[in-house]
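The next block holds one structure in the form of structure tokens; read it before the comments.
The values are calculated or read from the model by the stated rules, or taken from the named source; none is laboratory data. Quick caveat, the model's predicted, so the values are computed rather than measured. Backbone-built Cβ (ideal geometry, glycine too); neighbour counts: all protein chains shown. In case anyone asks, the SASA skips ligands and DNA or RNA and just uses the protein heavy atoms, side chains included. Shrake-Rupley method; radii C 1.70, N 1.55, O 1.52, S 1.80 Å.
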Amino acid sequence: MSEVTAMARKPTILDVARAAGVSKGLVSFALNDRPGVAAGTRQRILDAADELGYRRSIAARSLSTRTSFALGLVVARNPDVIAADPFFPGFISGVEQVLAQRGRALVLSFVPDDEAEAETYRTLAADQRVDGVFLTDLRTDDFRPALLEQLGLPAVSLGRVDGGGPMAAVTLDDTPGITDAVRHLAGLGHRRIAHVAGPARMLHALHRRDAFLAASAEQGLPGTLVVETDFSAADGAAATAALLDLDDRPTAIVYANDPMAIAGLGVAHRRGLDLPTDLSITGFDDSDIADYIYPALTSVRTRPGQWGEAAAATLLQLVDHGAAPDLDLPPAGLVVRNSTAPPRS
């Protein structure tokens, strides 16, 4: 074989074995991080592979280790809602940062309903497409934990499953952020405060609504108003319009996410209201754009990227070792900007 041909072809596992002075089997064990290889020998093999530019294909690694080197995320929401929601892009970015460092991939599926979601999980398990999944948007009477256990798919949930269970969870308490928002508005002098909530079947929407009601009761606020939506900007705008049409309209609105709050700002501006004097508004998730709209949005900070990193690390630990502890992230907190002020006298 000529020198040009040798340089042109890709290095093989045999080349790495020859360079390191070991067998092909030992190279395979070292590259797949299996036990039984001395630390010095493992390092020599890794150095030889790096020097030669050897990179084992995912397909070959999957065959030898019986793993897919991928994790799954199945989201059953309207794609239009997802496109406008800053949480999922931030969460996925955090997941990808961890997976890229570990040579793993994310398999992402958007589905229209529960039936399609269940079928997607069955397909992922049957085809061995993923080693584990992230479980988001926990629901009341959620069928998915039992299904994933039946399929043998390791899973980490964002938040704790209703009623408890063995599934590992990465949690962030929404309650302090919503409580702080109500206390902040009440402290400014607001007595007529409304909440534009997410769908009641989603546990995080339910928790935010319950926190709002509890904080309102704590502050002695009368006639609390709650409007349920699907989390979309369009529903947020419609809810805002309905609230502003009331004879005794609210002077402040606490929204369950930033897209709805920003839509609400637009509705109020178009009606000629002076924000925040005529209407104070708070959001949730503290998206990047919150600081750049007018007026800058007071919002609850949740750090979805950090949540993604923590969830990915936890799920990889579960996949690699068969167990992982629950992880509680720092609770949500209010970031006060210019969209809140004392009500007009």
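Checking residue 278 against (1) on the phi < 0 side of the Ramachandran plot; (2) surrounded by 22 or more Cβ atoms within 10 Å (Cβ to Cβ); (3) out of contact with any strand residue (DSSP E or B) (no Cβ under 6 Å at 6 or more places or on another chain): exactly one of these is not met. Which one?
(2)
Please go through the stretch 328-345 and pick out each residue that is closer than 21 Å to residue 268 by Cα and either surrounded by 13 or more Cβ atoms within 10 Å (Cβ to Cβ) or free of Cβ contacts under 8 Å to residues at least 40 places away in the same chain (or both).
336, 337, 338, 339, 340, 341, 342, 343, 345 - these are the residues of the stretch 328-345 that are closer than 21 Å to residue 268 by Cα and either surrounded by 13 or more Cβ atoms within 10 Å (Cβ to Cβ) or free of Cβ contacts under 8 Å to residues at least 40 places away in the same chain (or both).
Looking at (1) out of contact with any strand residue (DSSP E or B) (no Cβ under 6 Å at 6 or more places or on another chain); (2) touching a residue at least 12 places away in the same chain (Cβ under 8 Å); (3) surrounded by fewer than 21 Cβ atoms within 10 Å (Cβ to Cβ); (4) not basic (Lys, Arg), which is the one condition that is false for residue 226?
Among (1) out of contact with any strand residue (DSSP E or B) (no Cβ under 6 Å at 6 or more places or on another chain); (2) touching a residue at least 12 places away in the same chain (Cβ under 8 Å); (3) surrounded by fewer than 21 Cβ atoms within 10 Å (Cβ to Cβ); (4) not basic (Lys, Arg), the lone unmet condition for residue 226 is (1).
Of everything in the stretch 308-327, what is closer than 27 Å to residue 260 by Cβ and surrounded by fewer than 22 Cβ atoms within 10 Å (Cβ to Cβ)? Give them in sequence order.
Of everything in the stretch 308-327, just one residue is closer than 27 Å to residue 260 by Cβ and surrounded by fewer than 22 Cβ atoms within 10 Å (Cβ to Cβ), namely 309.
Restricting attention to the stretch 163-177, which residues are more than 25 Å from residue 123 (Cα to Cα) and either open to solvent by 30 Å² or more (accessible area, probe 1.4 Å) or without any contact (Cβ under 8 Å) to a residue 24 or more places away in the chain (or both)?
Residues satisfying the conditions are 163, 164, 173, 175, 176.
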